[in-house]
Amino acid sequence: MSENGGSKTIRVDYLARVEGEGALHIRYDNEHVHDVQLKIFEPPRFFEAFLRGRDYLEAPDITARICGICPVAYQMSAVHAMEDALALQVEPGVRHLRRLLYCGEWIESHVLHVAMLHAPDFLKVDSAMDMAKTHPQVVQQALALKKAGNAIVRVLGGREIHPINVRVGGFYRLPDRRELLELRAELAEALTLAETLTRWVTTLSVPAFMRDPAYLFVALTHDTEYPMNLGTLRTSTGDAIAASNYEQRFIEHHVEYSNALHCLLDGKTPYFVGPMARFALNFANLHPAARTLASELGVAPPCANPFASIIVRALEVVHAVATALDLLDGYQPPSAPFVTAELKSGRGHAITEAPRGILYHRYDIAEDGRITEAKIVPPTSQNQKTIEDDLRLMLPDLMDLPEDDLRHRCEQAIRNYDPCISCATHFLTLTLDKV
Amino acid sequence: MKPPLVIGIGNRWRGDDAAGPMVLDALRQLVPVGIDLLDSPGDNLSLINAWTGRERVFLIDACSADDLAPGTVVTIDNALVDGSALARMRHPASTHLLDVGQAIAMSKVLANAPQRLTIYGIAASEFEAGDRPCDAVLAAVNTLSRELASLLTTLRPGATRPANRRQR
């Protein structure tokens, strides 16, 4: 932090534990926050352009390369959108395996964020390495839990990172009985580990902040499931929005300071996607193991404190592990690894729930299966404005904090969203200007 | 105690970077049962889980340094004791990833590191997508595979070669 005349600047050159290249700039004085800008300066990656001219079957594998943490989400949204374009219905066994695969990714991603990236904020340490010194048991349990998630993705997807077994219409290869039995055994201890992690997370000191005005949550909803692959998109104000109508309601626009498009409902209202939104809109369908634990711990929807997202994320790990066990126990193999459909030109849309929130894909394909147009809207892009609003609303009560604490709180507030600015580098420069 | 583990790290489709996985390919034909092989886990946090509770672990990876001719094999006999080479490594750009040195450091903090971790770095120069490794790296892969197979056989002297080894 430096002072120059009447202005005051706090600078953080390296904000660790956030994905991608970005910066935060806040301009304020003793009474007001004048401006908050989450600057994403990482260059555009042009994946939508790469997809043009490629075969529709390539979309799951190309888009999976967008993210090493949530490749399954990209694959799921891609296959569902292609199947929508081709009016292709998959067998129940395939849907079963897709949910199981998604559980693996939620476990991998959430455990990494909860225990390695976000928890250090609450413990006032700089990194997971420091946390391992003070809380080795938590880190060891998290590693074991993450291993369980990795195992699911490896068995169903062919490998732990960037799986290669997902196909439009199903899977290239189905897991055999022996592989699933071994996977079941690997998951045996995971539920206890997930519950233990969640209980530990609730012992952390969560900063007090109640969002006012309330968040507008947006998530998939489903009659019987806590949604991953399927469901109707709903808002916490009761709107139901079909995937085919997504682009009419969620309007992206460019802001000068960011290379990630901002997305607003009806072009004017910020909204919040991810675990907090799913928890708020789907609590009744949370797995009983997670719901019971939530009740025992006194966690109920809607949750208005974004710093408590770490607890909600941990509960979703319990949900994912318990659901994975149920899916493994109830699995009936499909008659074939995948189904096919006659090629035809068309447009397909899909929304699935990535660990960080809804991920929208839309494709136009030609009669020969070539992709002619693609559109992808990731969750972090949708949360950008809400992150900025959180900071704008919480800062007035934090101005008396020592400078280091103020800077830290801002970083922690960003990490509440587990933002994945990209899958590349991770430098975020934070500048606070007091005018 | 779990059996010895050999880890090969690299991308088979990026020229000399294939060195680690190619050593594993050779060992599948040469080493006895009772030796675990792990091919490019992708997520180095998995290394920690993989080597927990092991006495001996061997890790093979391509390495790059201006003063090393391609195919030169750099050996760190026990990376848990000698961290000098790993300390000079460039760290990954992603905070969602660990490099090998960070995985070792994390394991030491958690007190679950193997008793001895031997690292073989095969000096590489070409990483073009789709290329095969250069002749010098291929020769190093062959030599190291034979030497390592002999060593592993001494660690599991009574075992016979598997007809069909399952990959972890």
Which pairs do you get when a residue that is closer than 22 Å to residue A:72 by Cβ and buried (at least 23 other Cβ atoms within 10 Å of the Cβ), found in segment A:360-380, comes within reach of a residue that is at pLDDT below 95 and of a type in the set (S, T, N, Q), reach meaning Cβ atoms under 8 angstrom, with the pair 6+ apart or on two chains? A:361/A:63
In segment A:167-181, is there at least one residue being within 25 Å of the chain's Cα centre (by Cα), buried (at least 24 other Cβ atoms within 10 Å of the Cβ), within 10 Å of chain B (Cβ to nearest Cβ) and closer than 28 Å to residue A:80 by Cβ? no
Tell me which residues, restricted to segment A:304-318, are more than 15 Å from the chain's Cα centre (by Cα) and in a helix (DSSP H, G or I). A:307, A:308, A:318
Determine which single condition residue A:304 fails, assuming it passes every other condition in (1) within 22 Å of residue A:416 (Cα to Cα); (2) modelled with pLDDT of 95 or more. (2)
Among (1) surrounded by fewer than 24 Cβ atoms within 10 Å (Cβ to Cβ); (2) within 29 Å of residue A:152 (Cα to Cα); (3) in contact with a Phe, Trp or Tyr (Cβ under 8 Å, 6 or more places away or on another chain), where does residue A:95 come up short? (3)
When you scan segment A:266-311, how many residues do you find that are under 18 Å from residue A:323 (Cβ atoms), surrounded by fewer than 21 Cβ atoms within 10 Å (Cβ to Cβ) and in contact (Cβ under 8 Å) with a residue 40 or more places away in the chain? 2
Restricting to segment B:118-139, give me the number of residues that are out of contact with any Lys or Arg (no Cβ under 9 Å at 6 or more places or on another chain) and over 14 Å from residue B:64 (Cβ atoms). 5
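Yes or no, residue by residue, for (1) touching a Leu at 6+ places or on another chain (Cβ under 9 Å); (2) part of a helix (DSSP H, G or I):
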residue: A:238; (1), (2): no, no
residue: A:252; (1), (2): yes, no
residue: A:255; (1), (2): yes, no
residue: A:258; (1), (2): yes, no
residue: A:278; (1), (2): yes, yes
residue: A:289; (1), (2): yes, yes
residue: A:295; (1), (2): no, yes
residue: A:302; (1), (2): yes, no
Against the conditions (1) within 14 Å of chain A (Cβ to nearest Cβ); (2) surrounded by fewer than 17 Cβ atoms within 10 Å (Cβ to Cβ); (3) in contact (Cβ under 8 Å) with a residue 12 or more places away in the chain, where does residue B:111 fall short? Just the number, please. (3)
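Just checking: which of the strands (runs of 3 or more DSSP E) contained wholly in segment B:1-74 hold 2 or more residues that are closer than 15 Å to residue B:122 by Cβ and at pLDDT 95 or above? Walk me through it before giving the result.
Details: elements: B:5-9, B:36-39, B:56-63.
Strands (runs of 3 or more DSSP E) meeting the threshold: B:5-9, B:56-63.
Filter segment A:115-133 for residues that are at the interface with chain B (Cβ under 10 Å from one of its Cβ atoms) and either buried (at least 17 other Cβ atoms within 10 Å of the Cβ) or part of a helix (DSSP H, G or I) (or both); which is nearest to the chain's Cα centre (by Cα)? Can you show your working first?
Initial filter on segment A:115-133 (at the interface with chain B (Cβ under 10 Å from one of its Cβ atoms)): A:116-117, A:127-133.
Keeping just the survivors that are either buried (at least 17 other Cβ atoms within 10 Å of the Cβ) or part of a helix (DSSP H, G or I) (or both) gives A:116-117, A:128-133.
On the way: A:116: 16, A:117: 14, A:128: 20, A:129: 24, A:130: 25, A:131: 23, A:132: 25, A:133: 28 Å.
By that ranking, first place goes to A:117.
Identify, please: which residue in segment A:156-166 is surrounded by fewer than 21 Cβ atoms within 10 Å (Cβ to Cβ) and in contact (Cβ under 8 Å) with a residue 24 or more places away in the chain and is, among those, farthest from the chain's Cα centre (by Cα)? Walk me through it before giving the result.
Just the residues of segment A:156-166 that are surrounded by fewer than 21 Cβ atoms within 10 Å (Cβ to Cβ), to begin with: A:158-159, A:161-162, A:164.
Subsequent filtering for residues that are in contact (Cβ under 8 Å) with a residue 24 or more places away in the chain retains A:161-162, A:164.
On the way: A:161: 16, A:162: 16, A:164: 21 Å.
Top of the filtered list is A:164.
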In segment A:48-68, what residues are over 16 Å from residue A:172 (Cβ atoms) and either buried (at least 24 other Cβ atoms within 10 Å of the Cβ) or not β-branched (Val, Ile, Thr) (or both)? A:48, A:49, A:50, A:51, A:52, A:53, A:54, A:63, A:65, A:67, A:68
Looking for whichever is under 17 Å from residue B:49 (Cα atoms), small (Gly, Ala, Ser) and touching a residue at least 24 places away in the same chain (Cβ under 8 Å) here; the options are A:214, A:151, A:188, A:208. Which one fits? A:151
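On the basis of being within 14 Å of another protein chain (Cβ to nearest Cβ) and of a type in the set (D, E, K, R), does residue A:65 make the cut? Spell out how you get there, then give the answer.
On the way: within 14 Å of another protein chain (Cβ to nearest Cβ): yes; of a type in the set (D, E, K, R): yes.
So residue A:65 fits the description; yes.
The values are calculated or read from the model by the stated rules, or taken from the named source; none is laboratory data. What you see is a predicted model, and the numbers here were worked out from it, not measured in a lab. Positions of Cβ are generated from backbone atoms using ideal geometry, with glycine treated the same way; all protein chains shown enter the neighbour counts.
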